[in-house]
Each structure stands twice: as C-alpha cells, then as structure tokens.
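What follows is calculated from the coordinates using simple rules that are stated; it is not laboratory data. Since this is a predicted model, take the numbers as computed values, not measurements. Note: ideal-geometry Cβ built from the backbone for every residue, glycine included; neighbour counts use all protein chains shown.
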Amino acid sequence: MLYRAGMDRGWSIRIADGAPLMLVAVIEGHMWVLIDDAEPVRVGPGDVAIVSERSPYTVADEPGIAPQLVALPGDRYTTPDGVDVTDELQTGRRTASATPDADATIVVYGTYQVARDVDDRLLAALPDVLVVPTAEVPDWVVSRLSDEVVRDVAGQQLVLDRLLDLTLTVVLRTWCARAGGPVPGWRRAQADPIVGRALTLIHEHLAHPWTVADLAAEAGVSRAWFARRFTELVGESPIRYLTQRRIALAEDRLRCSDSTIAGIAREVGYADAFSFSDAFTRIAGVRPSDYRRRAVDG
C-alpha cells in the first residue's frame with residue numbers, strides 16, 4: 001500500500017509495525033530516520049530511502065523530537081499513550097487534503113508488511129537505512145509516485161502495488177550500480193552465465209514443470225554441477241527457489257485478483273488445487289483460502 005502524507009514542522013513518528021521493509025520518497029522538505037543506537041540519517045527533497053529495520057525506530061522532522069504517533073501492525077496508529085487515531089488519519093494519508101505549512105514535509109511511502117513479500121537474500125544485503133539521493137533517482141520516479149497515489153480509479157490498488165515494486169527495483173538497481181558499491185549474492189547469481197540463465201527461465205516461465213535436470217540441460221552443464229553452483233550463488237536449491245517464487249506469485253494473485261484457487265494453481269505451475277494447497281500451506285503456513293480471507297479482511 002502506498003500513501004502520501006504531509007506533516008507540519010515538529011513532527012515525529014515511532015515506527016513499530018515490524019514491517020521488513022519501508023520505501024519512502026520525499027516530495028518536499030526533509031526527514032530524518034533514527035535507528036536506535038545508530039547515527040541519524042537525513043533524507044532530503046527528491047531522495048528515496050529504503051529502511052529494512054524490523055525493530056522499532058523513529059522518523060522525524062529533526063532528531064530529538066518526541067514521537068506524537070506510533071505506527072503499529074495492521075496499518076494502525078496510536079498516540080504514545082495508546083489512544084487509537086487510525087480513523088482520523090486514513091483520509092489524509094491517501095489524499096494529503098490538508099494544506100501543510102510552506103516548510104512542511106511531504107512524503108510518499110509504502111511498506112512490505114509480510115516477510116515473504118521481500119526476498120531474504122535482499123534483506124540480508126541491505127543496510128538498515130539506504131538513501132539514494134535525488135541526483136541519482138530517475139526523474140520520473142518521485143513525480144510518478146506523487147501523481148498516482150492520489151488517484152481514485154478502478155484497479156488503482158493493483159497499480160500502486162506494482163508501482164511500489166517497480167520503484168523498489170529501480171532504487172536497488174541504482175544502489176547496486178554505484179561504483180565500488182557492494183554486490184549482493186543475488187546480483188552475482190543473476191550475472192552468472194549458468195545460474196543467470198536458469199533464473200531467467202524460471203522467472204519467465206514459472207508455470208513450466210521444471211526439474212533440476214531440465215534447468216541443467218538448458219544451461220548446458222551436468223545436473224550435479226548445476227545444482228551445486230545454483231545453491232552456492234543463490235543460497236538455496238533450484239527446486240526450493242522455484243517453489244518459493246511460485247508461492248510468492250500465488251500470494252500476490254490471492255491478494256489482488258478474483259481468480260479461483262484452481263486457476264491460480266495452474267497459473268503458478270501446479271496440476272490441481274490439491275497439490276497447490278499442500279505446497280502453499282507448507283511454505284506460507286496457512287491454506288490459500290485462509291490467506292485470501294485474511295488479506296481481504298485486512
């Protein structure tokens with residue numbers, strides 16, 4: 001979910017929602033990200049920041065300001081003494097209808113609330129706070145975020161979800177491309193001529209009944225060598241990676257489409273709803289029907 005928010009001078013929010021990742025683009029003004037026991041990080045106008053700290057932290061106009069709000073799981077907000085103010089914030093966050101002061105901060109932000117929505121290899125590679133300055137952010141990113149988040153048309157939620165994913169990808173690509181920057185293992189895997197080929201095939205033909213032997217043959221190497229190389233670079237076996245990708249896509253389809261569970265099963269590579277349900281429950285810890293129900297109920 002993407003939101004747009006405007007805050008007048010002197011604001012501070014304690015983030016305690018446990019989300020594995022938050023992306024925030026500063027449209028106007030600035031903000032500070034304050035991780036406990038770490039140096040404050042400033043995010044200026046036009047900058048995009050990614051925060052991958054699951055423990056509570058603070059975002060504020062300036063360091064040292066006591067939080068006036070606490071962000072909790074389930075997209076809920078309270079005052080520091082526990083008074084729920086979620087309903088008062090819902091409209092303003094999406095529309096930014098209130099007129100902020102001339103020196104206020106305006107941001108667009110989105111979170112990945114479910115750990116499985118973000119690859120563990122990605123989280124392991126990221127610093128707690130990553131800032132890509134405005135000079136390195138493609139021109140369209142911040143303006144597109146700002147424009148799309150206030151629109152209210154059919155299917156807009158799906159557009160916003162995909163825009164959040166696209167922005168995350170663009171920002172991470174920019175970060176990885178910096179001269180001398182760290183190269184996460186998943187980037188090395190994509191660049192590898194053998195494993196990279198297999199990853200492309202999996203991503204582009206997820207529903208194909210891949211076996212390790214099939215992928216090795218496509219890459220032109222032995223099955224044993226391929227399996228060892230893939231696990232070394234990616235951090236898990238080819239079949240486990242394939243299954244994780246299928247379940248991640250299925251979760252997305254369960255949240256964002258009206259497709260039947262049997263239809264989603266075929267879409268992600270399972271012969272029937274029963275085998276799909278078994279795999280989904282094993283990986284996600286809940287049956288597909290229950291996952292969809294929880295997603296709809298919020």
> Summing -39500 (n - 2.57) over the DSSP H runs of n ≥ 4 in the chain and dividing by its residue number, what mean residue ellipticity at 222 nm do you reach, to the nearest 500 deg cm²/dmol?
Replying inline: -13500 deg cm²/dmol
> PRE reach from Gln157 (point 7 Å along Cα→Cβ): which of the stretch 250-276 fall under 18 Å by backbone N?
Replying inline: 250-261
> Among Pro56, Pro288, Pro73, which one shows the biggest mean-square fluctuation in a GNM of the chain, springs joining Cα atoms closer than 10 Å?
Replying inline: Pro73
>> Give me the one-decimal nm value for the distance between modelled label points at Ser222 and Trp140, 7 Å along each residue's Cα-to-Cβ direction.
In response: 4.7 nm
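What FRET efficiency comes out for the pair His205/Cys176, r = Cβ-Cβ distance, R0 = 30 Å, nearest 0.05?
Here the calculated transfer efficiency is 0.75.
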> For the stretch 10-71, what is the Kirkwood estimate of the hydrodynamic radius, computed as the reciprocal of the mean inverse distance between distinct Cα atoms, to one decimal in Å?
Replying inline: 11.7 Å
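I need the fraction of alpha carbon pairs in the chain separated by more than 28 Å, rounded to a whole percent.
On the way: 20054 of 44253 pairs.
Considering the chain, 45 percent of its Cα-Cα pairs are separated by more than 28 Å.
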